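The structure appears right after this line, and notes come after that.
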Protein chains: 2
Amino acid sequence: MNIIDRLYKSIEEKGVVCLGLDTSIEYVPEYIMETSKNEVDAIFNFNKEIIDETLDVAACYKVQIAYYEALGLKGLDAYKRTLEYLREKNAIIIADIKRGDIAATAKMYAKAHFEGDFEADFITLSPYMGMDSIEPYLPYMKDGKKGVFSLVRTSNPGANDIEFLDTTKGHKVYHEVGDRLCNIGNDYLGESGYSQIGGVLGCTHKEEAKELRERFKNMFFLIPGYGAQGGRAEDVAMYLNNGNGGVVNSSRKILLAYKEGNGNERVGYYARLEAIRMRDEIREAVSNKF
Amino acid sequence: MNIIDRLYKSIEEKGVVCLGLDTSIEYVPEYIMETSKNEVDAIFNFNKEIIDETLDVAACYKVQIAYYEALGLKGLDAYKRTLEYLREKNAIIIADIKRGDIAATAKMYAKAHFEGDFEADFITLSPYMGMDSIEPYLPYMKDGKKGVFSLVRTSNPGANDIEFLDTTKGHKVYHEVGDRLCNIGNDYLGESGYSQIGGVLGCTHKEEAKELRERFKNMFFLIPGYGAQGGRAEDVAMYLNNGNGGVVNSSRKILLAYKEGNGNERVGYYARLEAIRMRDEIREAVSNKF
C-alpha cells in the first residue's frame, strides 16, 4: 500500500495524533533512569514505554532528530534504536530532520534517512533552495514506499520574515512553495487522493486554514503547534477534510503528561491518556465543524 | 580572537580555499582501503591524508555531514573523528549541516554542533522559517567563539523557485534574507569588519556579484559552486574585497585530484596541488580585477 494511504488509513483507525518523540534527557523520570544502563538507554526506554502504550491511539510518530543529535553519537544511537523499535511495531515514522540541500548532497540525505540505520517512512524537508531540493528524494517515492513533508507555512513569529512575504505574483512566498509542491505531488498520488509530497503547516492561524485546505488539494498536512505551542482543536479541525488529510503533532504535552498525573511514574500510561484526550478533542471539533 | 577574524587572518595567510570534505566511500583509493580496518576507518584516513597535506594552503575545511550520515552511525563516527582531527590541528571547521528550525529544536542543534562530539567553528543554516531560526545560535556567538553561514542566494537552477522571487518590497526574497542577516549581524562584528553571521552565496552569477558585495557589507561569504560545479575564478573574484571577506569551497575537484595525477595514489599530494592551483588562480583573478 502507498505510504500516504497507509497514513490515511491509520488516521481513520486511530485518529489524527502524531506523537512527537522530541525526547530530552531531562524528561526522563527517576524510575526509568534507575532501571537503565545509561542516559542513552534511559531515553530509549522512555520512548519505548510511550510507544508501547500508544500504538493504537497514535496515527504515527514524529521523531525530532535534533534532540538526539545534541547528545552526539550516543544520542544518535538512541535515535537509531527508537526508529528500529517503531519499525518492529509496524508504526509509521516521520523523521523530523528538515533537510534542505541539492544534488549529490541531497541524495546522501535520502540514503541516510530512507535506508539503513535511520530509515523512516517520511522525512521533513526545507524548500528554500527550490524544487531541486525535493527531486533527489523522488526515486524513493516511485514505488510508493516513502514520502516527504516539506515546510510550507509555519506558525512561529519569524514566519513573517520570508514565508509571508508578498510576491509580485500576487501571492505569498509560502503559496508559491505549496503550489509547486502540489504540482510535483500530482505524480505521487495515493488512492486516498493525497500525495506522498506533504506539507508542514502550523496550526495557529485559523483564518487561513480554509483557504489553504482548498488551495493545496492533494497535500497531506503535518500540523505542528498544537498543545504546548498554543494551537487549539478548533483551529486544527479547519485543516482537515472530515478529520483526515492531516496529522496533528504533539510532543511535550504528551511526553510530560505524567507530571500532571501522579508526578513521577507511569510515563506511558499518562502519555496514552493525553493522546486519547487530544484525539477526542479534535474529533469533537471536527464534528462541530460540520 | 573572534572566529570571523580568525577566518579573515587565515585567508590572508593561506588564500581563499575552503576545502570541502564531502567524502564518499567511492572516492577512497585501493591503497588507503588496504591499510584501513574498515570503510569508516578508510574515510577517516582519506580525510587525514588530505588534511595533513593542505593545512597551510586551505583557509578552512567544510565538512558535509550528509556524506557521513548516509553511512549511518558508523559514518557519523568518521565525521566525529574528522572533526576531532581538524580541531587537534587547529584548523577552522565549517560544518555544512544546513539546519533550519526554531526554539527548543534549534537550541538542540546548537548544542549538537557547537559542543561535544560534533563541535565545529561555523555551521551552515537554512533561513526559510525566518530570523527566529537564527536566534538560538546567537548565545554561542556572544563571546566571539562561533559563527554561522546562512543560505542566502544559491546557484542551482531551483534557486529561481523561491530565492529569486520578486517581492512587493521591490527586491527579491534573497535580498530580504541577506538584509535581515546583515542587520542582526551588526551585533556580531569582528575587528575585520565582518560579522559572525555569514551567508552562502553561490558563485555562478557573476553579474550580480558586485551588487551583492556592496549590499551585504558586513557579510562574510561562503561561496560554493567553484570547480566541479562550474564556477570560474573571475566570477569568484567579484565576491571578494581585495581577496578576502569570502571563502571559496571546492570539494570533489580537490578530493579526486589524484585521479588526474598518476591514477590511484598519493591522494594528499594531488589534493595539495589542486588547492594551490585554485588558490593561485583566484589570487590572479583578484589582481586582474583591480
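What the table below lists for this structure:
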item	result
Residues B:E13 and A:N241, FRET efficiency given R0 of 45 Å [Cβ-Cβ distance, rounded to 0.05]	0.15
Probe 1.4 Å, protein heavy atoms only - accessible area per residue of segment A:134-290 in square angstrom	40
Integer Hz, Karplus 6.51/-1.76/1.60 couplings in order for segment B:189-203, x for Gly and Pro	8, x, 5, 5, x, 9, 9, 5, 9, x, x, 8, 10, x, 9
Stokes-Einstein diffusion coefficient of segment B:80-172, Kirkwood radius over Cα pairs, 10 °C, 1.306 mPa s, in µm²/s	109
Amide proton proximity set for B:F149, modelled H, under 5 Å, gap of 5+	B:I123, B:T124, B:L125, B:G198
Two-site label geometry, B:E208 and B:K142: point separation in nm, points 7 Å out along Cα→Cβ	3.6
Heavy-atom accessible surface that A and B bury in contact, both chains counted, 1.4 Å, Å² to 100	4700
Value at 222 nm in deg cm²/dmol, rounded to 500, when DSSP H runs of n ≥ 4 in chain B each add -39,500 (n - 2.57)	-13000 deg cm²/dmol
Inter-copy separations for B:E34, label at 7 Å along Cα-Cβ, nm, ascending	5.9
Potential lengthening between A:A103 and A:E88 on full extension [0.36 nm per residue; Cα-Cα distance subtracted]	2.2 nm
Förster radius 41 Å - calculated FRET efficiency between B:D280 and A:R215 (Cβ-Cβ, nearest 0.05)	0.15
Within segment A:229-268: backbone nitrogen closer than 15 Å to the A:E34 label point (7 Å, Cα to C-beta)	A:263-267
Distance from segment A:20-71 to segment A:148-197 (C-alpha centre basis), Å	31
Position A:E260, label points 7 Å along Cα→Cβ, spacing to each other copy in nm (shortest first, one decimal)	6.3
Using θ = phi - 60° and Karplus 6.51 cos²θ - 1.76 cosθ + 1.60, couplings along segment B:129-137 (whole Hz; Gly, Pro as x)	6, x, 5, 6, 8, 9, 3, x, 8
Per-copy distances of the A:D179 label point, shortest first, in nm (7 angstrom along Cα→Cβ)	2.3
If the convex hull is drawn through the Cα atoms of chain A, its volume per residue in Å³	123
Backbone N within segment B:37-56 under 15 Å of label point (7 Å from B:Y269 Cα along the Cβ vector)	B:49-50, B:53-54
Chain B: DSSP helices with Cα axial extent of at least 20 Å and average Kyte-Doolittle hydropathy no lower than -1.0	B:39-54, B:72-88, B:267-289
Accessible surface of segment B:3-288 [probe 1.4 Å, protein heavy atoms]: carbon and sulfur percent	44
Using θ = phi - 60° and Karplus 6.51 cos²θ - 1.76 cosθ + 1.60, couplings along segment B:249-261 (whole Hz; Gly, Pro as x)	8, 9, 10, 4, 4, 7, 4, 9, 4, 4, 6, 7, x
Dimensionless Rg over Rh [the protein assembly as shown; C-alpha; Kirkwood]	0.97
For A:L21, residues with placed amide H under 5 Å, excluding near neighbours	A:K62, A:V63, A:Q64
Sequence-distant residues sharing a close amide H with A:T167 (under 5 Å, placed H)	A:K172, A:V173, B:T168
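The values are calculated or read from the model by the stated rules, or taken from the named source; none is laboratory data. Being a predicted model, the structure only gives us computed values, none of them experimental. Cβ atoms come from the backbone with ideal geometry, glycine included; neighbour counts cover every protein chain shown. The protein model used for the area step is the full one, side chains on, heavy atoms only, and it has no ligands, DNA or RNA in it. Shrake-Rupley method; radii C 1.70, N 1.55, O 1.52, S 1.80 Å.
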